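Peer 1: Have a look at the structure that comes next, please.
The values are calculated or read from the model by the stated rules, or taken from the named source; none is laboratory data. Model, not experiment: these values are computed from the prediction. Please note: Cβ atoms are built from the backbone with ideal geometry, for glycine as well, and neighbour counts cover all protein chains shown. These area figures cover heavy atoms from the full protein model, side chains too; ligands, DNA and RNA do not enter into them. Shrake-Rupley method; radii C 1.70, N 1.55, O 1.52, S 1.80 Å.
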Amino acid sequence: MNRTLAAVALLTPLFAFGSVALADGNTATTSSIVAEARLAARPLKLSVVDQVIEQSDRQVQSCRRGHASVDTLAVLLRLDIDGDGRVMSALPAQVRADGKQSAEERCLERVATRLKFPSSGAITHLEYPFMLL
């Protein structure tokens, strides 16, 4: 049903008004299907993002390089996750003055782009603090 709704939402500019025959034999107005699709597609909740990242903590922690004198190192990444749960981009939220990324940032970028989140039907943009212990 969600894929049907997503397909109809994409076709909305072509069919601004009218009715659509659904696979189950029913008909629905285009506007009601589009409204339902918009309600179903929501960005991921932070608790879901936390769960997925916590499940990959071993890979996240493998990114810690040196910094023996620092108890905890926080790296803030800007994540863009598509509606199917794939990470489209993972970039440091702040750019250093020299424009270079640290080894930890590059490593976390690789780890983050391999993460798979649940499908939400909507693009999720967020900044997430990866904690290296």
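Peer 1: What ratio of Cα Rg to 2.2 N^0.38 Å holds for the range 64-122?
Peer 2: Compared with the compact-globule rule of thumb, the range 64-122 sits at 1.30.
Peer 1: In whole percent, what relative contact order does the range 80-133 give with Cα contacts below 8 Å and a gap of six or more residues?
Peer 2: Once normalised by length, the contact order is 53 percent.
Peer 1: Among the trypsin sites (Lys or Arg not before Pro) in the range 62-131, which ones are in a DSSP loop with at most 13 other Cβ atoms within 10 Å of the Cβ? Mind listing them?
Peer 2: Qualifying residues, ordered by number: 65, 96, 100, 114.
Peer 1: Just reorder 127, 54, 105 by solvent-accessible area, largest first, 1.4 Å probe, all chains present.
Peer 2: Correct descending sequence by accessible area is 54, 127, 105.
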